[in-house]
Amino acid sequence: MIRLIQRGLMYGNLFHVASPALVERYNRALEHLTGKRTGLTDFYVDISGFSPEVGNELGDPLYLNHNGVNRQFILLSTEQRKCPLLDAKFSTSHGILKRFITENEAALFALTARDAVAGELVNSVYDISHPARLFDIRAITVEADTTRGTVRNAAALADKVDTFLNADDAWFDDVLIGQMIQLAGQTGDVTRNPVRLNPLRVQKGNFWTAHFGGLYIFQTLDHPATIAASQKPDGVPTEYTFDLTERNRIAKFLEFNDLAEPVVKARGVDGAAILRQKMDFILIDAVTEAGVDLAGTTRRDMRMLARHHAHLLPDAFHGLADLVNWAENGGPWPRISSEHPAYFYTLRAADTADADLVNMLLAELCPRDVRQLFICHKQAFYAAYATWPETKKEYVAQYLEAEYKADKAGARAALFGHDAPMEPPEPAPRDMIQRVGPWGAVQRR
């Protein structure tokens with residue numbers, strides 16, 4: 001993984017904990033949450049305060065995420081909102097943490113100036129011993145305070161101030177006044193500078209979890225289902241359960257719930273260019289498996305590689321080539337059913353609330369598209385990367401550094417954005433959906 005680390009493609013954008021003051025605050029929070037401390041004086045943390053170096057030192061990669069549920073977090077700075085979440089067990093955790101930091105940025109900025117903020121993503125489930133337990137997670141509540149209880153003490157002080165101002169004879173209550181003075185010494189003047197964290201409670205909805213080999217749980221749709229990356233679980237409450245080998249059933253699930261759209265139909269993007277890039281990734285996968293040396297290979301060399309090694313190219317490559325020919329040259333419409341290896345490569349998530357989750361699923365269904373796998377499903381990407389030959393590792397690392405890392409926002413917008421163009425689209429060949437429907441055979445006019 002050293003290539004990825006050196007290029008900032010793994011463990012990148014982490015927050016550096018280097019000063020003695022920050023280390024001490026981190027240790028206070030760590031001891032508050034886990035009873036442990038670190039002896040490190042220099043380490044990096046993600047959005048939740050998890051540090052791979054501290055995890056290695058403690059021999060516990062789940063030291064802030066016991067049993068993979070109710071993730072705890074340590075905030076030293078609001079800058080952590082820009083960090084990734086490493087080794088996430090739920091696809092929703094990063095978004096919840098980022099939203100909490102953003103909605104409480106001013107208060108957190110003030111609190112972390114003097115102390116660390118420690119907290120937890122709380123739900124009612126503490127042990128996921130069976131897949132059905134995942135469906136008991138209805139909502140996530142964020143609970144947080146400083147290690148000295150500043151938020152709790154501020155709330156107590158505010159209550160006492162209200163009592164002092166409104167209760168009869170409160171001016172003569174020496175005990176109340178003494179308590180207020182003591183709390184004010186810890187919190188400051190809460191009447192002028194309120195110390196309060198806005199509560200956040202998020203309904204769980206649809207999500208991916210790393211538990212049980214990886215599960216995509218769609219429970220709020222008109223046609224709910226559970227999709228397993230490996231073995232199908234038993235006893236889950238959704239009516240339908242698939243694994244990734246059941247391509248036709250997954251295709252129908254996406255269709256019935258309007259969750260996906262063909263790339264070449266998407267407005268405001270160059271669908272043919274996106275498909276060509278997918279063809280390049282499939283080509284690289286095929287030739288590296290055959291032992292072809294890719295040293296010095298550029299994107300301009302792809303056509304030559306495809307010509308010289310045409311006998312190695314899989315059906316997925318040829319299916320996408322036929323679709324590009326249709327889109328660019330008005331060639332014959334290629335019939336690509338859900339059983340065709342190219343099928344899921346032709347799709348992207350539709351503009352729904354679950355677009356990120358659907359793109360994550362599509363990335364796992366199309367593992368040769370290494371760009372989408374890296375963007376949408378980091379854990380699956382890292383697992384696949386570890387199995388590749390060295391020449392493919394080097395090519396993919398170079399590509400991601402040069403083509404994706406240089407403009408992450410632009411690449412994501414081009415691949416997954418749904419904004420319509422400002423001007424009317426150019427007249428196109430017969431619309432893809434009208435001609436074929438994304439899921440069936442050609443319709444005759």
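The values are calculated or read from the model by the stated rules, or taken from the named source; none is laboratory data. What you see is a predicted model, and the numbers here were worked out from it, not measured in a lab. Heads up, the Cβs are rebuilt from the backbone with ideal geometry, glycines too, and the neighbour counts pull from every protein chain shown. Ligands, DNA and RNA are stripped out before the accessible areas are found, and what is left, the full protein with its side chains, is counted by its heavy atoms. Shrake-Rupley method; radii C 1.70, N 1.55, O 1.52, S 1.80 Å.
Are any residues in the range 23-44 touching a helix residue (DSSP H, G or I) at 6+ places or on another chain (Cβ under 7 Å) and within 17 Å of GLU120 (Cα to Cα), and if so, which ones? Within the range 23-44, just LYS36 meets the criteria.
Of ALA409, ALA414, ALA383, which residue is open to solvent by 20 Å² or more (accessible area, probe 1.4 Å), aliphatic (A, V, I, L, M), touching an Asp or Glu at 6+ places or on another chain (Cβ under 8 Å) and over 25 Å from GLN219 (Cα atoms)? After applying the criteria, what remains is ALA414. For the range 1-25, the set of residues classified as farther than 30 Å from GLU394 by Cα, of a type in the set (A, V, I, L, M) and open to solvent by 10 Å² or more (accessible area, probe 1.4 Å) consists of ALA18, ALA21, LEU22, VAL23, listed by residue number.
The single condition among (1) in contact with a helix residue (DSSP H, G or I) (Cβ under 9 Å, 6 or more places away or on another chain); (2) modelled with pLDDT under 90; (3) surrounded by fewer than 18 Cβ atoms within 10 Å (Cβ to Cβ) that ALA210 does not satisfy is (2). Pairs linking a residue in the range 274-292 that is touching a residue at least 12 places away in the same chain (Cβ under 8 Å) and on the phi < 0 side of the Ramachandran plot to a residue that is among the acidic types (Asp, Glu) and crowded, with 23+ Cβ neighbours inside 10 Å, with Cβ atoms under 9 Å and 6 or more positions apart or on different chains, are GLN277/ASP369; LYS278/ASP369; PHE281/ASP369; ILE282/ASP369. When the residues of the range 248-290 are filtered to those that are basic (Lys, Arg), surrounded by fewer than 20 Cβ atoms within 10 Å (Cβ to Cβ) and at pLDDT below 95, the one that is nearest to TYR345 (Cα to Cα) is ARG276.
Reported count of residues in the range 73-100, each being closer than 21 Å to ALA21 by Cα and touching a Ser or Thr at 6+ places or on another chain (Cβ under 9 Å), is 9. Scanning the range 135-155 for residues that are more than 26 Å from the chain's Cα centre (by Cα) and either buried (at least 20 other Cβ atoms within 10 Å of the Cβ) or not in a loop (DSSP other than H, G, I, E, B) (or both) gives THR146, THR150, VAL151, ARG152, ASN153, ALA154, ALA155.
Pairs linking a residue in the range 392-413 that is on the phi < 0 side of the Ramachandran plot to a residue that is at pLDDT below 90 and among the hydroxyl-bearing types (Ser, Thr, Tyr), with Cβ atoms under 6 Å and 6 or more positions apart or on different chains, are LYS392/THR288; ALA411/TYR404. May I ask you to list the residues in the range 381-391 that are in contact (Cβ under 8 Å) with a residue 40 or more places away in the chain and aliphatic (A, V, I, L, M)? Listed by number, the list holds a single entry, ALA386. A residue that is assigned to a helix (DSSP H, G or I), open to solvent by 30 Å² or more (accessible area, probe 1.4 Å) and either farther than 29 Å from GLU328 by Cβ or among the polar types (S, T, N, Q) (or both) occurs nowhere in the range 238-245. Taking first residues from the range 49-61 that are within 19 Å of LEU22 (Cβ to Cβ) and partners that are open to solvent by 70 Å² or more (accessible area, probe 1.4 Å), the Cβ contacts under 8 Å between residues at least 6 apart in sequence or on separate chains come to PHE50/ASP87; SER51/TYR44; PRO52/TYR11; PRO52/TYR44; PRO52/PRO61; GLU53/TYR44; GLY55/PRO61; LEU58/LYS36. Do we have THR226 as among the hydroxyl-bearing types (Ser, Thr, Tyr), over 30 Å from LEU75 (Cβ atoms), open to solvent by less than 60 Å² (accessible area, probe 1.4 Å) and modelled with pLDDT of 90 or more here? Judged against the criteria, THR226 is a match. Scanning the range 1-17 for residues that are touching a Ser or Thr at 6+ places or on another chain (Cβ under 8 Å) and either assigned to a helix (DSSP H, G or I) or over 23 Å from LYS405 (Cα atoms) (or both) yields a single hit, VAL17. For the range 323-380, filtered to residues that are of a type in the set (Gly, Ala, Ser), out of contact with any strand residue (DSSP E or B) (no Cβ under 9 Å at 6 or more places or on another chain) and farther than 20 Å from ILE284 by Cα, the residue that is most open to solvent (accessible area, probe 1.4 Å) is ALA353. Cβ-Cβ contacts under 8 Å between residues 6 or more apart (or on different chains), taken from a first residue in the range 97-115 that is of a type in the set (Ser, Thr, Tyr) to a second residue that is outside any helix (DSSP H, G or I), are listed as THR112/LEU75; THR112/LEU76; THR112/SER77.
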